[in-house]
1. Mind pulling the angle between the C-alpha long axis of helix 110-122 and the longest principal axis of the chain? Nearest 10 degrees, somewhere in 0 to 90.
2. In the chain, with Lys and Arg counted as +1 and Asp and Glu as -1 at Cβ, which of these residues, LEU208, LEU253, GLY189, has the Cα nearest the positive end of the dipole, that is, farthest along it?
3. Please identify every one of the GluC sites (Glu not before Pro) in the range 29-112 that sits in a loop by DSSP and has no more than 15 other beta carbons within 10 Å of its own beta carbon.
4. Along the Cα→Cβ direction, 7 angstrom out, place labels at PHE222 and ASN289. What is the inter-label distance in nm?
5. So, taking all protein chains as they sit and a 1.4 Å probe, how much accessible area belongs to LEU56, in Å² rounded to tens?
6. In nm, to one decimal, how far is the modelled label at VAL197 from the one at THR231, with both set 7 Å along Cα→Cβ?
7. Which entries of LYS144/LYS229; LYS119/LYS210; LYS19/LYS319; LYS153/LYS179; LYS113/LYS329 have Cα-Cα distances beyond 22 Å here?
8. Of LEU330, GLN239, TYR156, which is farthest along the charge dipole of the chain in the positive direction, counting Lys and Arg as +1 and Asp and Glu as -1 at C-beta?
Amino acid sequence: MTELKKASSDSEEIQLLRKSVQEFCRKEVAGNYAAWEKQGNIPRELWGRLGEQGFLLPEVPEEYGGLGTTFLYSTTIIEEFSRQGFNSFAANLSVHDTIIAQYLLNYGTHSQKKYYLPKMATGELVGAIAMTEPAAGSDLQGIKTTAIYDSEKSAYLLNGSKTFITNGQHCDFVVVVAKTDLDVKPSRGTTLFIVDVPVNGFERGSNLEKIGLHSCDTSELFFEDVQVKETAILGEKNQGFKILMSELPRERLIVANSAVASMEGVLQETVHYVKDRELFGTTLDTFQNTRFVLAEMKTKVRVQRSFANECTDLLIHGKLDTVTASMAKLSCTEVQGEVIDQCLQFFGGYGYMTEYPVARAYADARVQRIYGGTSEVMKLIISKDMFS
(Lines give C-alpha, C1' and ligand atoms only; values in the text may rest on other atoms or scores of the structure.)
Protein backbone atom coordinates (compact mmCIF):
# COMPACT_ATOMS: atom_id res chain seq x y z
CA MET A 1 0.00 0.00 0.00
CA THR A 2 2.98 2.37 0.39
CA GLU A 3 3.00 3.19 -3.31
CA LEU A 4 -0.56 4.53 -2.98
CA LYS A 5 0.38 7.23 -0.49
CA LYS A 6 1.62 9.66 -3.12
CA ALA A 7 -0.59 8.43 -5.91
CA SER A 8 -2.86 10.73 -7.85
CA SER A 9 -6.52 9.99 -8.43
CA ASP A 10 -5.98 8.48 -11.89
CA SER A 11 -7.84 5.32 -12.71
CA GLU A 12 -4.76 3.06 -12.74
CA GLU A 13 -4.10 3.72 -9.06
CA ILE A 14 -7.74 3.27 -8.14
CA GLN A 15 -7.91 0.01 -10.07
CA LEU A 16 -4.90 -1.22 -8.10
CA LEU A 17 -6.64 -0.35 -4.84
CA ARG A 18 -9.84 -2.07 -5.95
CA LYS A 19 -7.92 -5.22 -6.80
CA SER A 20 -6.36 -5.18 -3.34
CA VAL A 21 -9.82 -5.05 -1.74
CA GLN A 22 -11.08 -7.77 -4.06
CA GLU A 23 -8.18 -10.03 -3.11
CA PHE A 24 -8.82 -9.38 0.58
CA CYS A 25 -12.48 -10.28 0.08
CA ARG A 26 -11.55 -13.49 -1.71
CA LYS A 27 -9.09 -14.60 0.98
CA GLU A 28 -10.60 -13.28 4.18
CA VAL A 29 -14.29 -12.63 3.66
CA ALA A 30 -16.10 -14.62 0.98
CA GLY A 31 -15.88 -18.04 2.62
CA ASN A 32 -16.90 -16.74 6.05
CA TYR A 33 -19.41 -14.02 5.34
CA ALA A 34 -22.54 -16.18 5.48
CA ALA A 35 -21.55 -17.46 8.91
CA TRP A 36 -20.83 -13.94 10.14
CA GLU A 37 -24.21 -12.78 8.87
CA LYS A 38 -25.88 -15.55 10.89
CA GLN A 39 -23.96 -14.73 14.07
CA GLY A 40 -24.63 -11.01 13.65
CA ASN A 41 -21.05 -9.76 13.80
CA ILE A 42 -17.64 -9.96 12.24
CA PRO A 43 -14.68 -11.29 14.27
CA ARG A 44 -12.98 -8.56 16.30
CA GLU A 45 -9.55 -9.58 14.99
CA LEU A 46 -10.64 -8.78 11.44
CA TRP A 47 -10.23 -5.09 12.23
CA GLY A 48 -6.51 -5.73 12.74
CA ARG A 49 -6.25 -7.43 9.36
CA LEU A 50 -8.01 -4.49 7.72
CA GLY A 51 -5.41 -2.24 9.33
CA GLU A 52 -2.55 -4.40 8.09
CA GLN A 53 -3.81 -3.99 4.53
CA GLY A 54 -3.96 -0.20 4.84
CA PHE A 55 -7.75 -0.18 4.48
CA LEU A 56 -8.32 1.93 7.60
CA LEU A 57 -7.96 5.73 7.71
CA PRO A 58 -6.13 6.21 4.37
CA GLU A 59 -6.99 9.93 4.41
CA VAL A 60 -5.39 10.60 7.78
CA PRO A 61 -1.91 12.19 7.59
CA GLU A 62 1.12 9.97 8.12
CA GLU A 63 1.99 11.67 11.41
CA TYR A 64 -1.24 10.18 12.82
CA GLY A 65 -0.78 6.72 11.33
CA GLY A 66 -2.65 7.13 8.05
CA LEU A 67 -1.52 7.16 4.43
CA GLY A 68 -2.12 10.83 3.68
CA THR A 69 -4.32 10.22 0.65
CA THR A 70 -7.66 11.77 -0.32
CA PHE A 71 -11.31 10.89 0.14
CA LEU A 72 -11.16 9.07 -3.19
CA TYR A 73 -9.21 6.25 -1.54
CA SER A 74 -11.54 5.95 1.44
CA THR A 75 -14.63 5.81 -0.71
CA THR A 76 -13.03 3.36 -3.16
CA ILE A 77 -12.32 0.89 -0.36
CA ILE A 78 -15.83 1.17 1.07
CA GLU A 79 -17.44 1.03 -2.35
CA GLU A 80 -15.55 -2.10 -3.31
CA PHE A 81 -16.84 -3.96 -0.25
CA SER A 82 -20.36 -2.93 -1.33
CA ARG A 83 -19.73 -3.91 -4.94
CA GLN A 84 -18.61 -7.36 -3.79
CA GLY A 85 -21.85 -7.72 -1.81
CA PHE A 86 -20.33 -7.25 1.65
CA ASN A 87 -22.42 -4.25 2.65
CA SER A 88 -22.04 -4.85 6.38
CA PHE A 89 -18.31 -4.21 6.00
CA ALA A 90 -19.04 -1.00 4.15
CA ALA A 91 -21.25 0.22 6.99
CA ASN A 92 -18.71 -0.73 9.68
CA LEU A 93 -15.89 1.03 7.84
CA SER A 94 -17.94 4.11 6.97
CA VAL A 95 -18.56 4.92 10.62
CA HIS A 96 -15.03 4.14 11.81
CA ASP A 97 -13.16 5.65 8.88
CA THR A 98 -15.00 8.41 7.05
CA ILE A 99 -17.00 9.77 9.99
CA ILE A 100 -15.30 9.35 13.38
CA ALA A 101 -11.73 9.67 12.10
CA GLN A 102 -12.66 12.91 10.35
CA TYR A 103 -14.30 14.31 13.49
CA LEU A 104 -11.07 13.64 15.37
CA LEU A 105 -8.85 14.95 12.60
CA ASN A 106 -10.82 18.17 12.09
CA TYR A 107 -11.87 18.97 15.67
CA GLY A 108 -9.72 16.93 18.04
CA THR A 109 -6.86 18.29 20.13
CA HIS A 110 -3.33 17.28 19.23
CA SER A 111 -3.24 14.79 22.10
CA GLN A 112 -6.59 13.29 21.09
CA LYS A 113 -5.39 12.85 17.52
CA LYS A 114 -2.04 11.37 18.58
CA TYR A 115 -3.74 8.81 20.82
CA TYR A 116 -6.80 7.70 18.85
CA LEU A 117 -5.98 8.00 15.16
CA PRO A 118 -2.89 5.73 14.98
CA LYS A 119 -4.71 3.02 16.93
CA MET A 120 -7.76 3.39 14.69
CA ALA A 121 -5.53 3.01 11.64
CA THR A 122 -4.19 -0.33 12.87
CA GLY A 123 -7.57 -1.60 14.07
CA GLU A 124 -6.40 -1.66 17.68
CA LEU A 125 -9.22 0.74 18.53
CA VAL A 126 -12.67 0.62 16.94
CA GLY A 127 -14.83 3.71 17.12
CA ALA A 128 -18.58 4.32 17.26
CA ILE A 129 -20.65 7.48 17.27
CA ALA A 130 -23.76 7.74 19.44
CA MET A 131 -26.21 10.25 17.99
CA THR A 132 -29.56 8.51 17.54
CA GLU A 133 -31.90 8.00 20.49
CA PRO A 134 -35.23 6.17 20.82
CA ALA A 135 -37.09 9.46 20.33
CA ALA A 136 -34.52 11.31 18.21
CA GLY A 137 -33.44 10.02 14.82
CA SER A 138 -33.29 12.37 11.85
CA ASP A 139 -34.16 15.26 14.20
CA LEU A 140 -31.04 15.41 16.38
CA GLN A 141 -32.39 18.44 18.20
CA GLY A 142 -34.70 16.03 20.03
CA ILE A 143 -31.92 14.28 21.96
CA LYS A 144 -32.41 13.78 25.72
CA THR A 145 -28.92 12.60 26.74
CA THR A 146 -27.27 15.11 29.07
CA ALA A 147 -23.77 15.83 30.33
CA ILE A 148 -23.90 18.03 33.43
CA TYR A 149 -20.70 19.25 35.07
CA ASP A 150 -20.15 18.16 38.67
CA SER A 151 -17.62 20.45 40.32
CA GLU A 152 -17.03 18.06 43.22
CA LYS A 153 -15.99 15.27 40.83
CA SER A 154 -14.36 17.66 38.37
CA ALA A 155 -16.13 15.78 35.59
CA TYR A 156 -19.27 15.75 33.50
CA LEU A 157 -21.91 13.19 34.43
CA LEU A 158 -23.25 11.61 31.27
CA ASN A 159 -26.80 10.21 31.38
CA GLY A 160 -29.00 8.85 28.62
CA SER A 161 -29.49 6.08 26.09
CA LYS A 162 -28.61 5.72 22.42
CA THR A 163 -29.87 3.26 19.83
CA PHE A 164 -29.00 1.92 16.36
CA ILE A 165 -25.29 2.44 17.08
CA THR A 166 -23.03 0.88 14.42
CA ASN A 167 -19.95 -0.86 15.90
CA GLY A 168 -21.72 -0.79 19.25
CA GLN A 169 -20.56 -4.28 20.23
CA HIS A 170 -16.94 -3.91 19.13
CA CYS A 171 -16.23 -0.28 19.92
CA ASP A 172 -13.41 0.70 22.26
CA PHE A 173 -14.54 4.32 22.41
CA VAL A 174 -17.73 6.21 21.57
CA VAL A 175 -18.23 9.78 20.43
CA VAL A 176 -21.37 10.71 22.36
CA VAL A 177 -23.71 13.59 21.50
CA ALA A 178 -25.09 15.17 24.69
CA LYS A 179 -26.81 18.34 25.86
CA THR A 180 -24.57 20.47 28.07
CA ASP A 181 -26.72 23.59 28.28
CA LEU A 182 -30.35 22.82 29.11
CA ASP A 183 -31.48 26.46 28.92
CA VAL A 184 -30.93 26.93 25.20
CA LYS A 185 -31.92 25.10 22.03
CA PRO A 186 -30.01 21.85 21.46
CA SER A 187 -28.49 23.38 18.34
CA ARG A 188 -26.65 25.82 20.63
CA GLY A 189 -26.16 23.67 23.72
CA THR A 190 -24.88 20.32 22.48
CA THR A 191 -21.37 18.92 22.98
CA LEU A 192 -19.46 15.89 21.69
CA PHE A 193 -17.58 13.72 24.20
CA ILE A 194 -15.07 10.93 23.58
CA VAL A 195 -15.92 8.13 26.01
CA ASP A 196 -13.49 5.24 26.38
CA VAL A 197 -15.33 2.00 27.15
CA PRO A 198 -15.87 -0.02 29.20
CA VAL A 199 -16.27 2.49 32.03
CA ASN A 200 -18.37 2.62 35.19
CA GLY A 201 -22.00 3.40 34.37
CA PHE A 202 -21.74 2.29 30.74
CA GLU A 203 -23.66 -0.69 29.41
CA ARG A 204 -23.97 -2.21 25.96
CA GLY A 205 -27.40 -3.46 25.00
CA SER A 206 -27.88 -6.60 22.96
CA ASN A 207 -26.90 -6.76 19.31
CA LEU A 208 -30.08 -5.64 17.53
CA GLU A 209 -31.65 -7.94 14.93
CA LYS A 210 -32.20 -6.16 11.62
CA ILE A 211 -33.76 -6.88 8.23
CA GLY A 212 -30.35 -6.54 6.57
CA LEU A 213 -26.70 -5.69 7.31
CA HIS A 214 -26.76 -8.62 9.72
CA SER A 215 -23.02 -8.79 10.43
CA CYS A 216 -22.79 -5.04 10.98
CA ASP A 217 -23.27 -5.03 14.74
CA THR A 218 -25.86 -2.47 15.84
CA SER A 219 -26.55 -1.83 19.51
CA GLU A 220 -28.26 0.17 22.17
CA LEU A 221 -25.87 1.98 24.53
CA PHE A 222 -26.72 3.14 28.04
CA PHE A 223 -25.00 5.79 30.15
CA GLU A 224 -25.73 6.29 33.85
CA ASP A 225 -23.63 8.90 35.65
CA VAL A 226 -20.65 8.10 33.44
CA GLN A 227 -17.85 10.44 34.49
CA VAL A 228 -16.19 12.23 31.59
CA LYS A 229 -13.32 14.66 32.02
CA GLU A 230 -13.28 18.04 30.31
CA THR A 231 -10.31 16.86 28.24
CA ALA A 232 -12.67 14.36 26.57
CA ILE A 233 -14.66 17.11 24.84
CA LEU A 234 -14.31 16.84 21.06
CA GLY A 235 -14.24 20.33 19.60
CA GLU A 236 -15.65 23.15 21.70
CA LYS A 237 -18.29 22.96 24.40
CA ASN A 238 -21.82 23.66 23.12
CA GLN A 239 -20.60 23.50 19.51
CA GLY A 240 -21.45 19.84 18.94
CA PHE A 241 -24.42 20.45 16.67
CA LYS A 242 -22.36 22.72 14.45
CA ILE A 243 -19.68 20.01 14.16
CA LEU A 244 -22.25 17.35 13.29
CA MET A 245 -23.78 19.52 10.57
CA SER A 246 -20.37 20.28 9.06
CA GLU A 247 -19.61 16.57 8.61
CA LEU A 248 -23.02 15.43 7.34
CA PRO A 249 -22.27 16.07 3.63
CA ARG A 250 -19.38 13.58 3.82
CA GLU A 251 -21.53 11.02 5.63
CA ARG A 252 -24.34 11.33 3.09
CA LEU A 253 -21.97 11.12 0.14
CA ILE A 254 -20.44 7.88 1.37
CA VAL A 255 -23.95 6.41 1.64
CA ALA A 256 -24.64 7.56 -1.93
CA ASN A 257 -21.38 6.13 -3.24
CA SER A 258 -21.99 2.81 -1.51
CA ALA A 259 -25.47 2.70 -3.05
CA VAL A 260 -24.04 3.12 -6.54
CA ALA A 261 -21.36 0.49 -5.99
CA SER A 262 -23.92 -1.99 -4.69
CA MET A 263 -26.09 -1.42 -7.76
CA GLU A 264 -23.13 -1.93 -10.05
CA GLY A 265 -22.24 -5.22 -8.38
CA VAL A 266 -25.80 -6.56 -8.40
CA LEU A 267 -26.38 -5.53 -12.01
CA GLN A 268 -23.20 -7.32 -13.13
CA GLU A 269 -24.23 -10.43 -11.23
CA THR A 270 -27.70 -10.31 -12.81
CA VAL A 271 -26.29 -10.09 -16.33
CA HIS A 272 -24.21 -13.21 -15.67
CA TYR A 273 -27.24 -15.01 -14.24
CA VAL A 274 -29.64 -14.34 -17.11
CA LYS A 275 -27.06 -15.63 -19.58
CA ASP A 276 -27.11 -19.02 -17.83
CA ARG A 277 -30.71 -19.25 -16.65
CA GLU A 278 -32.64 -21.62 -18.95
CA LEU A 279 -36.31 -20.93 -19.61
CA PHE A 280 -38.65 -22.31 -22.32
CA GLY A 281 -35.79 -23.96 -24.18
CA THR A 282 -33.58 -20.90 -24.29
CA THR A 283 -31.78 -18.60 -21.84
CA LEU A 284 -33.33 -15.64 -20.09
CA ASP A 285 -31.05 -13.12 -21.77
CA THR A 286 -32.59 -13.83 -25.20
CA PHE A 287 -35.93 -12.26 -24.24
CA GLN A 288 -36.49 -8.67 -25.30
CA ASN A 289 -37.99 -7.76 -21.93
CA THR A 290 -34.85 -8.93 -20.14
CA ARG A 291 -32.61 -6.88 -22.38
CA PHE A 292 -34.77 -3.76 -22.27
CA VAL A 293 -35.17 -3.79 -18.48
CA LEU A 294 -31.46 -4.36 -17.91
CA ALA A 295 -30.60 -1.65 -20.44
CA GLU A 296 -32.79 0.76 -18.50
CA MET A 297 -31.20 -0.29 -15.21
CA LYS A 298 -27.68 0.14 -16.60
CA THR A 299 -28.55 3.63 -17.79
CA LYS A 300 -29.91 4.61 -14.38
CA VAL A 301 -26.84 3.26 -12.62
CA ARG A 302 -24.54 5.12 -15.00
CA VAL A 303 -26.37 8.39 -14.34
CA GLN A 304 -26.06 7.92 -10.58
CA ARG A 305 -22.37 7.06 -10.92
CA SER A 306 -21.73 10.29 -12.81
CA PHE A 307 -23.47 12.34 -10.13
CA ALA A 308 -21.68 10.49 -7.31
CA ASN A 309 -18.31 11.05 -9.01
CA GLU A 310 -19.08 14.74 -9.41
CA CYS A 311 -19.90 15.01 -5.69
CA THR A 312 -16.76 13.09 -4.76
CA ASP A 313 -14.67 15.57 -6.72
CA LEU A 314 -16.48 18.47 -5.04
CA LEU A 315 -15.78 17.01 -1.59
CA ILE A 316 -12.09 16.48 -2.34
CA HIS A 317 -11.83 20.15 -3.31
CA GLY A 318 -13.84 21.35 -0.30
CA LYS A 319 -16.84 22.46 -2.35
CA LEU A 320 -19.55 19.90 -1.53
CA ASP A 321 -22.47 21.68 0.13
CA THR A 322 -25.24 20.19 2.23
CA VAL A 323 -27.93 20.53 -0.43
CA THR A 324 -25.92 18.80 -3.16
CA ALA A 325 -24.92 15.99 -0.79
CA SER A 326 -28.58 15.58 0.16
CA MET A 327 -29.50 15.32 -3.52
CA ALA A 328 -26.87 12.62 -4.00
CA LYS A 329 -28.07 10.56 -1.05
CA LEU A 330 -31.72 10.94 -2.04
CA SER A 331 -31.21 10.06 -5.68
CA CYS A 332 -28.66 7.26 -5.35
CA THR A 333 -30.39 5.39 -2.54
CA GLU A 334 -33.85 5.62 -4.11
CA VAL A 335 -32.51 4.30 -7.41
CA GLN A 336 -30.59 1.61 -5.52
CA GLY A 337 -33.84 0.23 -4.16
CA GLU A 338 -35.47 0.26 -7.59
CA VAL A 339 -32.56 -1.33 -9.47
CA ILE A 340 -31.91 -4.12 -6.98
CA ASP A 341 -35.63 -4.92 -6.81
CA GLN A 342 -35.76 -5.23 -10.60
CA CYS A 343 -32.62 -7.37 -10.64
CA LEU A 344 -33.99 -9.69 -7.96
CA GLN A 345 -37.05 -10.29 -10.13
CA PHE A 346 -34.89 -11.94 -12.78
CA PHE A 347 -33.75 -14.53 -10.25
CA GLY A 348 -37.32 -15.64 -9.62
CA GLY A 349 -37.73 -17.76 -6.50
CA TYR A 350 -33.96 -18.06 -6.11
CA GLY A 351 -33.79 -14.30 -5.62
CA TYR A 352 -35.84 -14.71 -2.46
CA MET A 353 -33.33 -17.15 -0.96
CA THR A 354 -30.81 -15.57 1.40
CA GLU A 355 -28.01 -17.76 0.07
CA TYR A 356 -28.12 -15.69 -3.12
CA PRO A 357 -26.19 -12.39 -2.87
CA VAL A 358 -28.99 -10.51 -4.65
CA ALA A 359 -31.36 -11.32 -1.77
CA ARG A 360 -28.85 -10.05 0.75
CA ALA A 361 -28.26 -6.89 -1.31
CA TYR A 362 -32.02 -6.32 -1.48
CA ALA A 363 -32.38 -6.48 2.31
CA ASP A 364 -29.23 -4.43 2.91
CA ALA A 365 -30.38 -1.66 0.58
CA ARG A 366 -33.53 -0.76 2.48
CA VAL A 367 -31.79 1.06 5.33
CA GLN A 368 -29.90 3.30 2.90
CA ARG A 369 -33.01 5.46 2.58
CA ILE A 370 -33.22 5.80 6.36
CA TYR A 371 -29.86 6.28 8.08
CA GLY A 372 -27.78 9.38 7.53
CA GLY A 373 -31.09 11.25 7.22
CA THR A 374 -34.22 9.78 5.66
CA SER A 375 -35.24 10.48 2.08
CA GLU A 376 -37.99 12.72 3.44
CA VAL A 377 -35.45 14.81 5.35
CA MET A 378 -33.32 15.07 2.21
CA LYS A 379 -36.36 16.43 0.37
CA LEU A 380 -36.94 18.97 3.15
CA ILE A 381 -33.34 20.21 2.90
CA ILE A 382 -33.46 20.46 -0.90
CA SER A 383 -36.86 22.16 -1.04
CA LYS A 384 -35.96 24.58 1.74
CA ASP A 385 -33.01 25.73 -0.32
CA MET A 386 -35.18 26.05 -3.42
CA PHE A 387 -37.65 28.35 -1.70
CA SER A 388 -35.29 30.29 0.56
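1. Its long axis makes an angle of about 30 degrees.
2. Towards the positive end, the residue furthest out is LEU253.
3. GLU45
4. That separation, rounded to one decimal, is 5.3 nm.
5. Approximately 10 Å² for this residue.
6. About 2.3 nm separates the two model spin labels.
7. LYS119/LYS210; LYS19/LYS319; LYS113/LYS329
8. Value computed over the given set: LEU330.
The values are calculated or read from the model by the stated rules, or taken from the named source; none is laboratory data. Please read these numbers as outputs of a predicted model, since none were measured by experiment. Heads up, the Cβs are rebuilt from the backbone with ideal geometry, glycines too, and the neighbour counts pull from every protein chain shown. Quick note on the areas: whole protein, heavy atoms, side chains included, nothing else; ligands and nucleic acids left out. Shrake-Rupley method; radii C 1.70, N 1.55, O 1.52, S 1.80 Å.
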